[in-house]
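Just below is one structure, and these are the notes that go with it.
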Amino acid sequence: MSLAAEAFVSQIAAAEPWPEKATLYQPLKEDQILLSDSASSLAVQTFLRMCGLPVQVSCCANAEYMSPSGKVPFIHVGNQVVSELGPIVQYIKAKGHSLSDGLDDVQRAEMKAYMELVNNMLLTAELYIQWCDDYTATEISRPRYSSPYSWPLNHILAYQKQWEVRRKMNAIGWSGKSLEQVYEDVSQCCQALSQRLGTQPYFFNKQPTELDALVFGHLFTILTTQLTNDELAEKVKSYTNLLSFCHHSKTSK
Amino acid sequence: MGTVHARSLDPLPMQGPELGVQADDMDLGEPEQEEKQEVLENKDVVVQHVHIDGLGRTKEDILTYEVADVFRARNLIDVMKKSHEARQKLLRLGIFRHVEVVIDTAEGVDALPNGLDVTFEVKELRRMTGSYNTMVGNNEGSMVLGLKLPNVFGRAEKLTFQFSYGTKETSYGLSFFKPQPGHFERNFSINLYKVTGQFPWSSLRETDRGVSTEFSFPIWRTNHTLKWEGVWRELGCLARTASFFVREESGHSLKSSLSHTMVIDTRNSTILPRKGALLKINQELAGYTGGDVSFLKEDFEIQLNKTLFWDSVLSTSLWGGMLLPLGDKPSSIADRFYLGGPTSVRGFSMYSIGPQSEGDYLGGEAYWAGGLHLYTPLPFRPGRGGFGELFRTHFFLNAGNLCNLNYGEGPRAHLSKLAECIRWSYGAGIVLRLGNIARLELNYCIPMGVQSGDRICDGVQFGAGIRFL
């Protein structure tokens, strides 16, 4: 959409209050959803919970294709459909709810930088492990991704997704990395987050922000998802303050 | 009709479409003509040999069936008639450019005095023909390449390939057709295709990749077709403003279905017939041979035509259909029926009748539509006998209804639902016939019975297509 149209739409959005029947769509929880999508979905759910906005979670096999940008999760609010955490945060801000209002400009820039770090490192590592590691792809990712479909469509769609992710890894230069290097990158990312968190309950002041929602979404999902081996979870567990951050965020509110 | 040559060394003059007689024979024959005529018609002949000249890659065994009847002729008129029929049969195989018939007296050691030899001189079609077009449409340009290989292996098999490469979409189709030797109406074909379609009335985009095989065979006066089809369907939203109902249908699905069609067609022409009737019944069962979608679909088409006084034709038609989803999943938007438009109930916008959400039409699970037409030649008959014959004026009355059915209620509730809130329209216009395949219409329509949510096109409406209500 053009800039003028987007500005117009967000003005319209701001005018309406948050409806009772807002819904969040994600792939099927039991059989289909993968680690990366589950992490993104949990991040959005946590963010909405922190803002105090009620939302129903609806699981659909075709959630990825329903989304306007092709990525899950997405929310259906009134007449609007918004996907991914970044645009959702903007949309919520237009409605008048924001978690990062109390931050000054320096802190806001820092928050954005850390969110980019999580997206570029942690999320990409998750995608790499799921689709570029042959063992995980064969045992977990392809069977789960294609479970709602019948033969031969299930194989076609699973391989199509795998090629797409591998092409993306090629484009950003990750295809040359080995699994060990990827685990190292995850470790470094966790170290940066751990250093920023220190002993505070949240990353900034005493109030949670969207960065907290994002980090919680990813770390909690990594800790609680069963992969082919436990190395990813071990990397996170080695930072105790991150562990207690997850525990604390899970039980609060 | 073609040309039939009859030559003879016998000095008797022969009667026929073209005579090749020698001058002195004419004089001889004249006074005895009356007598000779009778002899000719009762004269017994035996067809001893039938030759087919000009074959290249065509195998002879399929041709023997087509010309077998010629041997049964008993007199000359019969020979000419049966040769003509055999020529038509050879042409309908679709492997010859033209066929000529030559009838001659028998020659050779075993020639009988009343024996005849019939020779079919044929010219085969080229092994491969190609075509290349460019098309420009709605914001899209494309390049279309076509290849046709008639008579690939020598028994009237046909292979066609079409490929379209456009700025937005690519599509292709590959088709192989094989008739049974001796029974051309029994045939089977295999198709492989990818087609994309954009449906702005539903804000829907559909891409189908599929394979299908079909068998056709006649039983008595009816024509039956059995088909298995496997399609990978991909649905998507055409615009960001698509309604959520349409958005929910986006994604991939696999349809594997068996279908059966029965057709009885006694009309004299497919476009603007003057007499005859058409009955077509089609059923499709999906889901029991694999795939994600499961339904039973029935639809029928009836058309009756009768010529009235002064060259005018009265035509009535009735269409109907029903979709019954099997299992617990609801029906998909790609399987439902649509109603309205210049080719169905005139006076309404294209497929813009029935259930809709935010301006996107979702189609319905049951429908019926009927039409009553009176076709007359153009007033004052301009261009009579030539160009003017392609045009007709017509006065029409169309009606129809489309709805979703709640299968918890009984059939009585369904019928009453289809009977209430009927949309109908009437008007007049001009019809132009394009070959034997398509027609163009320009009508002035007055829609009535419009329900809230329908989109109408009252006033002048233009339509082009191959199948009209």
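Only the coordinates and a few stated rules stand behind these numbers; no lab work does. Everything numeric in this text was worked out from a predicted model, so none of it was measured. Cβ sites come from the backbone with ideal geometry, for glycine too, and all protein chains shown count toward neighbours.
Here the spin labels are modelled as points 7 Å beyond Cα on the Cα-Cβ line, and at B:L308 and A:Q226 they lie 7.8 nm apart. In terms of overall dimensions, the protein assembly as shown has a Cα radius of gyration and Dmax of 36.3, 132 angstrom. Dividing the summed helix terms, -39500 (n - 2.57) for each DSSP H run of n ≥ 4, by the number of residues in chain B produces a 222 nm estimate of -3500 deg cm²/dmol to the nearest 500. Remark: A:K206, A:K235 ranked as A:K206, A:K235, counting other beta-carbon atoms within 10 Å and listing the fewest first. Applying 0.36 nm per residue to the separation of B:W228 and B:L372 and subtracting their alpha-carbon distance, the gain on full extension is 48.4 nm. Looking at this model, which pairs from B:K43/B:K81; B:K158/B:K280; A:K21/A:K112 are more than 19 angstrom apart at the alpha-carbon? Among B:K43/B:K81; B:K158/B:K280; A:K21/A:K112, the Cα-Cα distance tops 19 Å for B:K158/B:K280; A:K21/A:K112. Listed by chain and number, the aspartates and glutamates whose alpha-carbon sits under 13 Å from that of B:K178, ignoring those within fewer than 8 places in the same chain, are B:E157, B:E214. Remark on region A:3-95: ratio of C-alpha radius of gyration to 2.2 N^0.38 Å is 1.05. By how many degrees, 0 to 90 and rounded to 10, does the Cα axis of helix B:33-42 deviate from the longest principal axis of chain B? Tilt relative to chain B: about 60 degrees.
Packing, taken as the mean count of other beta carbons within 10 Å per residue, orders the peptides B:255-268, B:192-205 from highest to lowest as B:192-205, B:255-268. Over region B:103-148, the alpha carbon radius of gyration divided by the compact-protein estimate 2.2 N^0.38 Å works out to 2.65. Note on B:R381 and A:A192: the model spin-label points, each 7 Å out from Cα along the C-beta direction, lie 8.9 nm apart. Taking N as the residue count of chain B, its C-alpha radius of gyration divided by 2.2 N^0.38 Å amounts to 1.25. Of all DSSP-defined beta bridges confined to region B:46-124, some 55% are antiparallel rather than parallel. Fewest neighbouring Cβ atoms within 10 Å first, the residues A:T199, A:T240, B:T376, B:T105 line up as A:T199, A:T240, B:T376, B:T105.
For the set B:K297/B:K417; A:K71/B:K329; A:K29/B:K329, the pairs lying more than 23 angstrom apart at their alpha carbons are A:K71/B:K329.
FRET efficiency for the pair A:T23 and A:S178, taken as 1/(1 + (r/R0)^6) with r the Cβ-Cβ distance and R0 = 51 Å, rounds to 0.80. When the P(r) of region B:311-409 is calculated, the portion above 21 Å amounts to 49% of the C-alpha pairs. Each helix, a run of at least 4 DSSP H residues, gives -39500 (n - 2.57); summed and divided by the residues of chain A, these come to -16500 deg cm²/dmol at 222 nm. Computing Rg and the Kirkwood Rh from the Cα coordinates of region B:46-124 gives a ratio, Rg/Rh, of 0.96. Put in line by how crowded their Cβ is, counting other Cβ atoms within 10 Å and starting with the fewest, A:F245, B:F348 read A:F245, B:F348.
Two numbers describe the Cα atoms of chain A: Rg and Dmax, which are 18.4, 55 Å.
Per residue, the convex hull spanned by the Cα atoms of region B:150-255 amounts to 128 cubic angstrom.
For the peptides A:27-37, B:356-366, the ranking by packing is B:356-366, A:27-37, with the highest mean count of neighbouring Cβ atoms within 10 Å listed first. Ordered from longest to shortest, the equivalent ellipsoid semi-axes for region A:105-251 are 31, 16, 15 Å, each the square root of 5 times a Cα gyration tensor eigenvalue. With the Kirkwood sum run over all distinct C-alpha pairs, region B:266-356 has a hydrodynamic radius of 15.8 Å. Each Lys or Arg adds one and each Asp or Glu takes one away; over the other residues whose Cβ falls under 14 Å from the Cβ of B:W201, this sums to -1.
Taking the inverse of the mean 1/r over every pair of distinct Cα atoms in region A:58-174 gives a Kirkwood hydrodynamic radius of 16.7 Å.
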